[in-house]
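Take a look at the structure below.
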Amino acid sequence: MTRYYIHDLDDNLQRFKPQAEAVMNEACARAAIEDCGVGLGLQEAMDLIKESIATRQSHFQLFIERHGVDWDTLHLSYNQRVDRSIIDPIPQLPASLAALGSKAEHCILTHSHMLWASECVDLNKIRPWFPDQRIVTLEMYKEEPKHIGTKGFELALSRLGGPDPKDTVFTDDTPANLVTAKKMGMQTVWSSHGRILPAAFSAYVDHVAHDACEFLQKLTIPPAPRTNRKPGGPAGP
């Protein structure tokens, strides 16, 4: 069994309630308007967020390009404003991590802020496996998000003691983020939430699970016992 695991946080180690997307978009819009001085109405800002996600794969980028917003200020303010009640913990996750015991070491690699990530670790009751030293957040590698470059992955590997990427598993719900990990030599797990994997990413995904918890549970399921039974014959000793 592989010893080293790097995990995305949101929609991977934790789920969200149905209202999460709207809550996140409003938090980002209010952060841009009230904390960064963007001169837009709330709905205008939320429309810009949707455009930014569609064209830049980022909530923030069009605020930066069109309104000169400081990335660090917006990133922190947004993560402060998101209502934590949208988090829907996976009840089996702590037990799944515990079942691996000392056989596994884990690190979080997330596009969120440390403020958010650390609080989420506590809310999900997984602190024993994820001290803050094992959490790598986007402000640490903002020049190279997961779908663009290797910096975040390199930081995560360093936090794990520097294992070979080939001895490491990366779990994430965003197929584009798995591409970088796979090119580095990692085994990859896509958290599908029941979705169908786009064909363009099939070469970069080694395993598919509903979420990281389901994948971890599979690692601890003992193999079925082998028998000498032949088809149609009596069971072996």
Q: Quickly run through segment 184-218 and pick out the residues that are closer than 14 Å to Asp172 by Cβ and touching a His at 6+ places or on another chain (Cβ under 8 Å).
A: Gln187, Thr188, Val189, Trp190, Ser191, Ser192, His193, His210, Asp211, Ala212, Phe215
**Q.** Pairs, first closer than 17 Å to Phe170 by Cβ in segment 102-124, second small (Gly, Ala, Ser) and modelled with pLDDT of 95 or more, C-beta under 6 Å, six or more apart
**A.** Cys107/Ala156; Leu109/Gly152; Leu109/Ala156; Thr110/Ala117
(Q) I'd like to know if segment 49-57 contains one or more residues that are in contact (Cβ under 8 Å) with a residue 40 or more places away in the chain and closer than 30 Å to Thr188 by Cα. (A) yes
Q. Can Gly161 be described as part of a loop (DSSP other than H, G, I, E, B), at pLDDT 95 or above and not assigned by TED's automatic domain parsing to the domain that holds Trp71?
A. yes
**Q.** Flag for Lys142 being within 18 Å of Leu178 (Cα to Cα) and surrounded by fewer than 18 Cβ atoms within 10 Å (Cβ to Cβ)
**A.** yes
Q) Does at least one position in segment 84-97 carry a residue that is without any contact (Cβ under 8 Å) to a residue 60 or more places away in the chain, under 30 Å from Pro18 (Cβ atoms), surrounded by fewer than 17 Cβ atoms within 10 Å (Cβ to Cβ) and among the charged types (D, E, K, R)? A) yes
Q.
Looking at segment 107-143 only, could you name the residues that are closer than 18 Å to Met24 by Cα and within 14 Å of the chain's Cα centre (by Cα)?
A. Thr110, His111, Ser112, His113, Met114, Trp116, Ala117, Ser118, Cys120, Thr137, Leu138
Q | Members of segment 48-83 that are farther than 17 Å from Val38 by Cα and buried (at least 19 other Cβ atoms within 10 Å of the Cβ) | A | Asn79, Val82
Q) Does Gly101 count as crowded, with 21+ Cβ neighbours inside 10 Å and not assigned by TED's automatic domain parsing to the domain that holds Cys36? A) no
**Q.** Those residues of segment 15-29 which are assigned to a helix (DSSP H, G or I) and either touching a residue at least 24 places away in the same chain (Cβ under 8 Å) or in the same structural domain as Asn124 (by TED's automatic domain parsing) (or both), in sequence order
**A.** Ala20, Val23, Met24, Asn25, Ala27, Cys28
Q: Only residues that are loosely packed, with under 14 Cβ neighbours inside 10 Å and out of contact with any Ser or Thr (no Cβ under 8 Å at 6 or more places or on another chain): list them for segment 128-139, please.
A: Pro128, Pro131, Gln133
Q. Does Ala32 satisfy the criteria of being outside the structural domain of Pro131 (by TED's automatic domain parsing), closer than 19 Å to Ser118 by Cα and at pLDDT 95 or above?
A. no
Q. Does segment 197-214 hold any residues that are within 14 Å of the chain's Cα centre (by Cα) and not small (Gly, Ala, Ser), and which are they?
A. His210, Asp211, Cys213
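The values are calculated or read from the model by the stated rules, or taken from the named source; none is laboratory data. Predicted, not measured: the structure shown is a model, and the values here were computed from it. So basically every Cβ, Gly included, is an ideal-geometry build from the backbone, and we count neighbours across all protein chains shown.
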